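Novice: Have a look at this one before I ask anything.
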Amino acid sequence: MTAPTTTDPAPDGRVRRPVRTPRHDPADRPLLVIWEATRACALACVHCRAEAAPGRDPRELDTAEATRLMEQVAEFGRPAPIFVITGGDCFERADLAELVRRGRALGLPVAVSPSGTARLTREALVVLREAGVTSLSLSVDGADAATHDGFRRVPHTFARTMAGWRTARELGLKVQINTTVARHDVEQLPDIAALVHREGAMTWSGFMLVPTGRGADLGPLTAAEVEDVLNLFYDLGQVVPVKTTEGHHFRRVALQRTVLERRGADHVAVLGLGPLYERLRARSIELGLLGAAERRRRPPISVSSANGFVFVSHTGTVHPSGFLPVPAGNVRTAPLTEIYRTSKLFRALRDPARLQGRCGACEYATICGGSRSRAYGATGDLFAEEPWCAYRPGKLPYAVDVEALLRSA
Ligand code: SF4
């Protein structure tokens, strides 16, 4: 009897696609435009990309310039990219609700990403909902106040975030929870997943730390530990809608796990997962998150820096990611559409042939490619191999299955 391949339907009749790809060409139109509205923030988080400061920078894009930026985003065409207003703390901008209204009038889905400060009140969320905000993301970097507040370096941040989360849900807003995966909270990931499961969220995004901004001072995980975490995320996808930020090799893990499941192979042995995975999985089972019949999981989408994703800084500088401090232009002097589609930097980042080391030799490069932000942060080379990936190209058995799935993606 011939063993099933991963492009065969699963026993329930569904054809599994372990990785989603955008329906349009992501080189022509991003799915996400992230705008750093300000760097001002009352918090002083240990990992802060923006190295946020208490006061606003006079060089920030003003209301008219931000409106022009949103017009440029609308010019990408439909369906319009999601316009995410982040910071710092976007609540530090008095014109936030007005900007949301203008973005919505231009046909943009507008999301906000506030900090867990005293400004995150019911009144503020009601104003944003009435202005037309479609979703909101909040950071939860620990399963309890001691861990989260220690990371955010301001007391009561956890309580404020939890209150904001519940209020946003009550108001009918979609909520994404972001969790920085680092030494301080890695053992708590199952407990954070349980929190997400209990409170409800549209997405839980595990942010794989990039050594930039204040994050450069945090103790990194090893590449083997990151494999353990990504495999746990795959398991937790049964019960919570998990995605990763700057963890592109989650797509490789999702594809490998699909292959191994269909082949009935032991993923722990084949992938060589370590004691961290065993501990996290045991805790997840203890919390009742795993072990039931598999439910619907949302496959990760193949989007990366400059390829579906673009970041605009508080001064209008365009970057492939908020964690990649290499500029491609400035929206004050050139349209975002032009910079995104034609700049040398963005075009180079879309070319898998530029990748070096293991990423350059990897069969998963077209759906993964590694975090260019972390490669740059660790080595100063944009195209160096991903330092947080332990995969050796060609190592997984069932190459025919992998090839078939990669072709279908
Ligand atoms: S070697 Fe690079 S391209 Fe391959 S899975 Fe790892 S990060 Fe992705």
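Novice: From Cα pairs below 8 angstrom and at least 6 apart in sequence, can you work out the relative contact order of the chain, rounded to a whole percent?
Specialist: 19
Novice: For the chain, state what percent of all Cα-Cα pairs lands in each successive 20 Å bin, counting from 0 Å until the bin that includes the largest distance.
Specialist: Reading upward from the zero bin: 27, 60, 13, 0.
Novice: Follow-up question, since we're still on this one. Taking 7 Å along the Cα-to-C-beta vector as the label spot, tell me the residue 341-residue 399 distance in nanometres, rounded to one decimal.
Specialist: The two pseudo-label positions are separated by 4.0 nm.
Novice: Compute the signed sum of charges (Lys and Arg +1, Asp and Glu -1) over the other residues within less than 12 Å, Cβ to Cβ, of residue 29.
Specialist: Net local charge, residue 29 excluded: 0.
Novice: On to the next question. Give me the percent of DSSP beta bridges within the chain that run antiparallel, rounded to the nearest 5.
Specialist: Expressed as a percentage, antiparallel bridges in the chain total about 15.
Novice: To continue, here is another question. What's the angle, to the nearest 10 degrees (0 to 90), between helix 189-199's Cα axis and the longest principal axis of the chain?
Specialist: Value to nearest ten degrees: 60.
Novice: Over the Cα atoms of segment 293-384, how large are the radius of gyration and the largest Cα-Cα distance (Dmax), in Å?
Specialist: When restricted to Cα atoms, segment 293-384 yields Rg and Dmax of 14.8, 55 Å.
Novice: Kindly rank 161-169, 133-141, 72-80 from highest to lowest mean number of other beta carbons found within 10 Å of each residue.
Specialist: Most protected by this proxy first, the peptides run 133-141, 161-169, 72-80.
Novice: With θ set to phi - 60°, apply the Karplus curve 6.51 cos²θ - 1.76 cosθ + 1.60 along segment 381-392 and write out the HN-Hα couplings as whole Hz, x wherever there is a Gly or Pro.
Specialist: After applying 6.51 cos²θ - 1.76 cosθ + 1.60, I find 10, 4, 10, 5, 5, 5, x, 9, 10, 9, 6, 9 Hz.
Novice: Can you work out ³J(HN,Hα) from phi for every residue in segment 310-324, in order, using Karplus 6.51 cos²θ - 1.76 cosθ + 1.60 and θ = phi - 60°, giving whole Hz and x for Gly and Pro?
Specialist: Result, rounded to whole Hz: 8, 10, 10, 7, 5, 9, x, 6, 9, 10, x, 7, x, 10, 10.
Novice: Once you list every other residue whose beta carbon is under 11 Å from the beta carbon of residue 112, what net charge do they have if Lys and Arg are +1 and Asp and Glu are -1?
Specialist: Details: positive: 93, 129; negative: 89.
Neighbourhood net charge equals +1.
Novice: Take peptides 389-396, 228-235, 310-317 and line them up by average Cβ neighbours within 10 Å, highest first, as a rough protection proxy. Provide the component values of the computation, followed by the final result.
Specialist: Values: 389-396: 16.8, 228-235: 24.8, 310-317: 21.8.
In decreasing order of mean packing, 389-396, 228-235, 310-317 become 228-235, 310-317, 389-396.
Novice: May I pose another question? Could you work out how far helix 249-263 tilts from the main Cα principal axis of the chain, as a 0 to 90 degree angle to the nearest 10?
Specialist: On a 0 to 90 degree scale, this one is about 30.
Novice: Express in nm, to one decimal, how much length is gained between residue 174 and residue 127 on full extension, taking 0.36 nm for each residue of separation and deducting their alpha carbon distance. List each step's numbers first, then the result.
Specialist: Working: separation 47, 0.36 × 47 = 16.92 nm, distance 1.53 nm.
Separation in residues times 0.36 nm, less the Cα-Cα distance, equals 15.4 nm.
Novice: Where Lys and Arg each count +1 and Asp and Glu each count -1, what net charge lies around residue 131 among other residues with Cβ under 10 Å from its Cβ?
Specialist: +2
Novice: Using only alpha carbon pairs under 8 Å that are at least six residues apart, calculate the relative contact order of segment 192-280 and give it in whole percent.
Specialist: About 35 percent, as a whole number.
Novice: When the chain is fully extended, how far beyond the present Cα-Cα distance does residue 315 get from residue 32, taking 0.36 nm per residue of separation?
Specialist: 100.0 nm
Novice: Reachable lysines from residue 174, Cα under 25 Å, same-chain residues fewer than 8 places away excluded?
Specialist: Straight-line reach from residue 174, under 25 Å: 243.
Novice: Moving on to the next point. Taking only the C-alpha atoms, wrap a convex hull around segment 252-409 and report its volume per residue in Å³ as a whole number.
Specialist: On the way: hull volume 24.5 nm³, N = 158.
Measuring per residue, one finds 155 Å³ for the Cα hull of segment 252-409.
None of the figures in this text is laboratory data; all of them are computed from the coordinates on show. Computed from a predicted structure; not experimentally measured. Every residue, glycine among them, receives a Cβ derived from its backbone with ideal geometry; neighbour counts consider all protein chains shown.
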